[in-house]
Amino acid sequence: MTMTEQGPRAVLSARGLRRDFGGFVAVNNVDLDVHDGQIHALIGPNGAGKTTVFHLLTKFLPPSAGRIELLGHDITRTSPAKVARMGLVRSFQISAIFPHLTVLDNVRVALQRPRGLHVQFWRSISALDALIPRAEELLRSVGLDDASDQMAGDLSYGRKRVLEIATTLALDPKVLLLDEPMAGMGHEDVGTVSEIIRAVAKDRAVLMVEHNLEVVSNLCHWVTVLQRGEVLASGDYQTVSADERVRTAYMGTQHD
């Protein structure tokens, strides 16, 4: 499958992305297209540059070279805060769970951000009650409505990660970046979170770094493989997993 066959329009694109740290090239000439309504995996061995690419796309690091576009706009030199307001949201940006607040209040706090309420200190707590219906709707969408009155700190690890996704969705992202969403989860939680991500991607683009290749094969429409900061292969899972270079560099021990 070629890039032109991938389907819907690209909402996030990078061309010739490069990042140098002194004399070390962490990311070199990376091209990437993330499409609306699809789940795109960024995979590769440790040290391949996946996290650096995430930092570059979300503007936590400026690129040494290259161009990044979001929804057709050049964001190469745009600030992280403005990029987030434009709809590119990385899970950790707003995924700080407040353990001593209820699950519902965690989402309600997150909902204040796009409305500017988080800086309106004079508003009474009761004025935020208008956010409750949307908070409850988000909790239903991720299967946490039964835990709305529970303290977030009392949730299981997997459900805390689900709550993080709910608080991320409170920003109504157009492109959602998830950094190892399945890390540390048991099999049952992996299945639950996979289905949530699949549902979330129906009306937005998702780019995720993930080491669980079973998840990638079952969930992701498109896979980009990095090695030593460069794109080694890109395509659907069947295509990249059959690539001998990919098998040698990353997948071989899991597929032999």
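Nothing in this text is a laboratory measurement; each read-out follows from the coordinates by a stated rule. These numbers come from a predicted model, not from an experiment. Neighbour counts run over all protein chains shown; Cβ positions are idealised from the backbone, glycine included.
Roughly how many debye, to the nearest 20, is the charge dipole of the chain about its Cα centre, given +1 on each Lys and Arg Cβ, -1 on each Asp and Glu Cβ, and no other charges?
The calculated dipole for the chain is roughly 1080 debye.
Modelled label-to-label distance, ASP20 and ARG67, 7 Å Cα→beta-carbon offset: nm?
Placing both labels 7 Å along Cα→Cβ, they lie 2.1 nm apart.
Taking the Cβ of SER194 as the centre, find all other residues whose Cβ is under 12 Å away and add up their charges (Lys, Arg: +1; Asp, Glu: -1).
Result for the local shell: -3.
Could you run the Karplus curve 6.51 cos²θ - 1.76 cosθ + 1.60 with θ = phi - 60° over the stretch 56-70 and give me ³J(HN,Hα) per residue in whole Hz, x for Gly and Pro?
Each residue of the stretch 56-70 in turn: 5, 5, 8, 6, 6, 10, x, x, 6, 7, x, 9, 10, 10, 10 Hz.
How far, in degrees from 0 to 90, does helix 187-200 lean away from the longest principal axis of the Cα atoms of the chain, to the nearest 10?
Approximately 90 degrees, to the nearest ten.
In the neighborhood of GLU230, defined by Cβ-to-Cβ distances under 15 Å, what is the net charge if each Lys or Arg adds +1 and each Asp or Glu adds -1?
In short, +3.
Using only alpha carbon pairs under 8 Å that are at least six residues apart, calculate the relative contact order of the stretch 159-232 and give it in whole percent.
33 percent
Out of every Cα-Cα pair in the chain, what percent are more than 22 Å apart?
Tail of the P(r) past 22 Å holds 56 percent of the pairs.
As I understand it, the value is the acute angle between the Cα axis of helix 132-141 and the longest principal axis of the Cα atoms of the chain; what does it come to in degrees, rounded to 10?
Roughly 40 degrees, rounded to the nearest 10.
Using θ = phi - 60° and the Karplus form 6.51 cos²θ - 1.76 cosθ + 1.60, what ³J(HN,Hα) does each residue of the stretch 214-225 get, whole Hz, x for Gly and Pro?
Ordered by residue, 3J(HN,Hα) equals 5, 4, 4, 5, 8, 10, 9, 7, 9, 10, 10, 9 Hz.
Among the aspartates and glutamates, which fall within straight-line cross-link reach of LYS50, defined as a Cα-Cα distance under 16 Å, with same-chain neighbours fewer than 8 residues apart omitted?
In chain and number order, the partners are ASP20, ASP31, ASP33, ASP179, GLU180, GLU210, GLU230.
Could you work out how far apart the two model spin labels at ASP31 and GLU137 are, taking each label as a point 7 Å from the Cα in the direction of the beta carbon, and quote it in nm?
It is 4.0 nm.
Distance from a point 7 Å along Cα→Cβ of ARG77 to each backbone N in the stretch 13-37: keep the residues under 19 Å and list them by number.
14-20
At 7 Å along the Cα-to-beta-carbon direction for both ASP146 and ASP236, put a label point, then send me their distance in nm to one decimal.
3.5 nm
Within a Cβ distance under 15 Å of ASN212, other residues only, what is the Lys/Arg minus Asp/Glu net charge?
Counting the neighbours of ASN212, the net charge comes to -4.
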